[in-house]
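Okay, so here's the structure we're looking at.
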Amino acid sequence: MWRIGRNDKQLLTMKNYIIAIDQSTSATKAMLFDESCHLLARQDREHKQHYPQAGYVEHDAEEIYRNTVDVIRAVVGTTDVRESNYTLCITNQRETAVVWDKHSGRPIGGAVVWQDTRGAEICRSLREAGHEALVRKRSGLLIDPNFSASGIKWLLDNVGGAREAARRGDLLMGTIDTWLVWKLTEGRVFATDTTNASRTMLFNIHTLDWDDDLLRLFDIPRQMLAEVRPCDALYGETTVEGTFGNPISIAGVLGDSHGALVGQMCFDEGTGKVTYGTGSSVMVNIGTRALPAPQGLVTSIGYTALGKTYYGYEGNIYSTGATLKWMADQMMLIDNPAATEAEATSVADNGGVYVVPAFAGLGAPWWRMNSKAGIVGMTFATSRAHIVRAALESIAYQIKDLTDVMSSGIGGKVSEICADGGPTKNKFLMQFQADLLQSAVVCTEVEDASALGAVVMNGFARGVWKTFDDVRPLRRVRQRIEPKPENEQMKALYEGWRMAVDRVTK
């Protein structure tokens with residue numbers, strides 16, 4: 001272990017670095033940025049996925065913390081530590097939650113991951129009891145085990161002595177950001193930000209405080225919950241277990257999808273981001289009013305910064321990049337997902353074929369969890385290329401499904417979509433997406449938009465930037481795809497998609 005010391009004279013000549021922790025579902029990354037938002041170095045550590053029984057998905061919160069310390073030390077090792085000044089920011093997987101003993105610092109069980117469904121029966125009972133409207137009005141969310149509250153209630157009800165310890169005030173709970181801040185500050189700071197709080201089903205997105213009625217509904221004591229701060233707040237100081245001789249600040253915290261919204265500079269109402277990954281997250285800035293979400297979507301806090309709270313509509317698609325991986329790994333129709341563009345453009349159109357990728361059901365805005373995937377419209381003339389093209393097109397169709405619903409909620413078309421993720425390099429997909437949406441698709445150079453969003457919040461917290469306009473020029477556009485004029489062919493293709501979805505979901 002090394003220790004990094006400094007004195008006042010050194011501070012005058014030190015280089016300023018921002019270490020962004022991106023703690024995702026599968027790994028923890030530390031990324032080193034300068035104050036021009038250039039990514040200089042990164043280090044990654046995967047953590048183990050635990051599946052104790054069917055429907056249960058857990059992480060070891062202690063392992064995640066150890067990995068966080070390790071990647072910080074590793075990324076700092078890439079710089080001249082004698083002439084550097086550091087600060088830390090965090091973006092994280094959101095709904096995954098930890099309950100721990102505030103005296104020993106030990107979790108009472110595995111972190112309940114957002115994919116975990118052990119709270120499904122709790123959620124079903126609450127829906128049947130007629131609480132859906134209250135939860136949706138206060139939190140902006142659907143009653144669903146995807147969000148933190150039901151998993152926390154399950155832990156309190158099923159871990160021996162947990163319910164009594166919680167009532168005594170001995171237990172704390174939080175999303176991964178809260179856990180990391182608490183650990184990094186050696187228990188001195190117990191805080192979260194508005195975006196992570198808004199994904200728990202316990203937070204009132206209108207009052208910006210924990211909601212007593214929702215806490216009673218899930219029987220969770222308020223004293224377990226962290227102080228809620230803006231995304232661009234200071235969150236304390238840390239030496240990262242002695243890595244730094246003098247404490248460095250933790251400034252800037254927000255959930256990963258919200259980080260991508262900020263990192264893509266979606267500061268104007270009607271602008272949104274699509275993260276093309278295994279699945280796809282679509283979030284659109286709806287301004288400073290918490291508008292009710294259209295059916296199939298949720299309203300979350302987009303980010304809180306510069307003294308204001310901005311809200312967003314969000315929907316999550318389960319299978320986008322996963323569909324291409326399935327074609328490569330399971331069906332062996334292509335060598336790898338990167339080969340889809342050449343295959344798709346080898347035919348003039350999809351030949352009437354549609355792939356509806358409901359491998360794990362259909363997510364927003366359909367919410368048909370029992371549906372199965374299907375390939376619709378094949379004939380003897382159907383080739384491998386038609387199926388590959390149809391699979392690529394299915395990504396764009398699902399994005400349009402969501403953005404159309406979002407547009408209805410804000411009373412106007414989504415003006416621009418900022419895209420990140422590997423599939424943005426697929427020229428066919430990006431042009432098809434723009435044509436289908438009749439909106440520009442902007443592909444930026446940043447591969448880690450969530451981390452960049454945390455860096456922006458860090459800069460706001462420290463006064464490096466004073467306005468959104470100060471940071472807009474830092475967005476580096478790789479490509480802007482303008483839509484071709486709307487035509488009847490695109491309308492017919494989308495109508496065909498809707499008919500295919502209807503066949504699969506019946």
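The values are calculated or read from the model by the stated rules, or taken from the named source; none is laboratory data. All figures in this text were calculated on a predicted structure; none of them were measured in a lab. For neighbour counting, all protein chains shown are included, and Cβ atoms are generated from backbone atoms with ideal geometry for every residue, glycine included. Just the protein is used for accessible areas: all its heavy atoms, side chains included, with ligands, DNA and RNA removed. Shrake-Rupley method; radii C 1.70, N 1.55, O 1.52, S 1.80 Å.
Using θ = phi - 60° in the Karplus curve 6.51 cos²θ - 1.76 cosθ + 1.60, the 3J(HN,Hα) couplings for region 226-238 round to 7, 5, 9, 10, x, 5, 9, 9, 7, 10, x, 10, 8 Hz; x is entered for Gly and Pro. Rounded if a/c is under 1.5, else prolate if a/b is larger than b/c, else oblate: which is region 162-211, with a ≥ b ≥ c the root eigenvalues of its Cα gyration tensor? It comes out oblate by the Cα gyration axes. Quick one: of the DSSP bridges fully inside the chain, what percent are antiparallel, nearest 5? The antiparallel proportion sits near 65 percent. Provide the FRET efficiency to the nearest 0.05 for the Met369-Asp219 pair, computing r from the beta carbons and using R0 = 22 Å. Efficiency, from the Cβ-Cβ distance: 0.25. For the chain, the residue among Leu141, Ser408, Val159 whose Cα projects farthest onto the positive side of the dipole built from Cβ charges is Val159. Karplus-derived 3J(HN,Hα) values for region 144-157, using 6.51 cos²θ - 1.76 cosθ + 1.60 with θ = phi - 60°, are 7, x, 4, 8, 5, 4, 5, x, 5, 4, 4, 4, 5, 7 Hz; glycine and proline are entered as x.
Karplus-derived 3J(HN,Hα) values for region 297-302, using 6.51 cos²θ - 1.76 cosθ + 1.60 with θ = phi - 60°, are 10, 10, 9, 10, 6, x Hz; glycine and proline are entered as x.
Volume of the convex hull of region 366-452 (Cα atoms only), normalised per residue: 145 Å³. Distant-in-sequence amide contacts of Asn16, defined by a placed amide H-H separation under 5 Å and a gap of 5 or more residues or a different chain, comprise Asn85. Summed over the residues of the chain and divided among them, the accessible surface reaches 40 Å² per residue at a probe radius of 1.4 Å. Considering only protein heavy atoms and a probe of 1.4 Å, how much of the accessible area of region 112-262 is carbon and sulfur, as a whole percent? Its accessible area is 49 percent carbon and sulfur atoms. For region 335-385, carbon and sulfur atoms together expose 55% of the accessible surface, with a 1.4 angstrom probe and every protein chain in place. Residues whose amide H comes within less than 5 Å of that of Phe244, counting only those at least five positions distant or on another chain, are Ile4 (H built at 1.01 Å from N in the peptide plane). Normalise the Debye intensity by I(0) for the chain, one equal point scatterer per Cα, no solvent, then take log10 at q = 0.13 Å⁻¹ and round to two decimals. Log10 I(q)/I(0), no solvent term: -1.28. Modelled this way, with points 7 Å down the Cα-to-C-beta line, the labels at Ala120 and Lys413 are 4.0 nm from one another. Please give the FRET efficiency for Val477 paired with Asp34, using the beta carbon to beta carbon distance and R0 = 30 Å, rounded to the nearest 0.05. Result of the calculation: an efficiency of 0.95. Per-residue surface analysis assigns His103 an accessible area of about 130 Å², computed on protein heavy atoms at 1.4 Å probe radius. Computed over the chain, relative contact order equals 14 percent, with contacts defined as Cα pairs under 8 Å that lie 6+ residues apart.
Each Lys and Arg adds +1 at its Cβ and each Asp and Glu adds -1 at its Cβ; summed about the Cα centre, the chain shows a dipole of about 180 debye. Mind grabbing the base-10 log of I(q)/I(0) for region 192-318 at q = 0.16, 0.18, 0.21 Å⁻¹? Debye formula, identical points on the C-alpha positions, no solvent, two decimal places. The Cα Debye sum returns log10 ratios of -0.85, -1.00, -1.20. Expressed as a fraction of 2.2 N^0.38 Å, the C-alpha radius of gyration for region 99-188 is 1.17. Between Arg188 and Arg168, the distance separating the two model label sites (each 7 Å from Cα on the Cα→Cβ line) works out to 2.8 nm. Applying both filters, DSSP loop and at most 11 other Cβ atoms within 10 Å, to the trypsin sites (Lys or Arg not before Pro) of region 33-68 gives Lys48. In region 149-296, the DSSP beta bridges split such that about 75 percent are antiparallel, to the nearest 5. Note on exposure: Arg163, Arg127 ranked by accessible area (1.4 Å probe, complete protein assembly) read Arg127, Arg163, with the most exposed listed first. Its Kirkwood hydrodynamic radius, worked out from the mean inverse distance over all distinct Cα pairs, puts region 104-259 at 16.3 Å.
Using the Cβ-Cβ distance between Leu208 and Asp349 with R0 = 35 Å, the FRET efficiency computed as 1/(1 + (r/R0)^6) comes to roughly 0.10.
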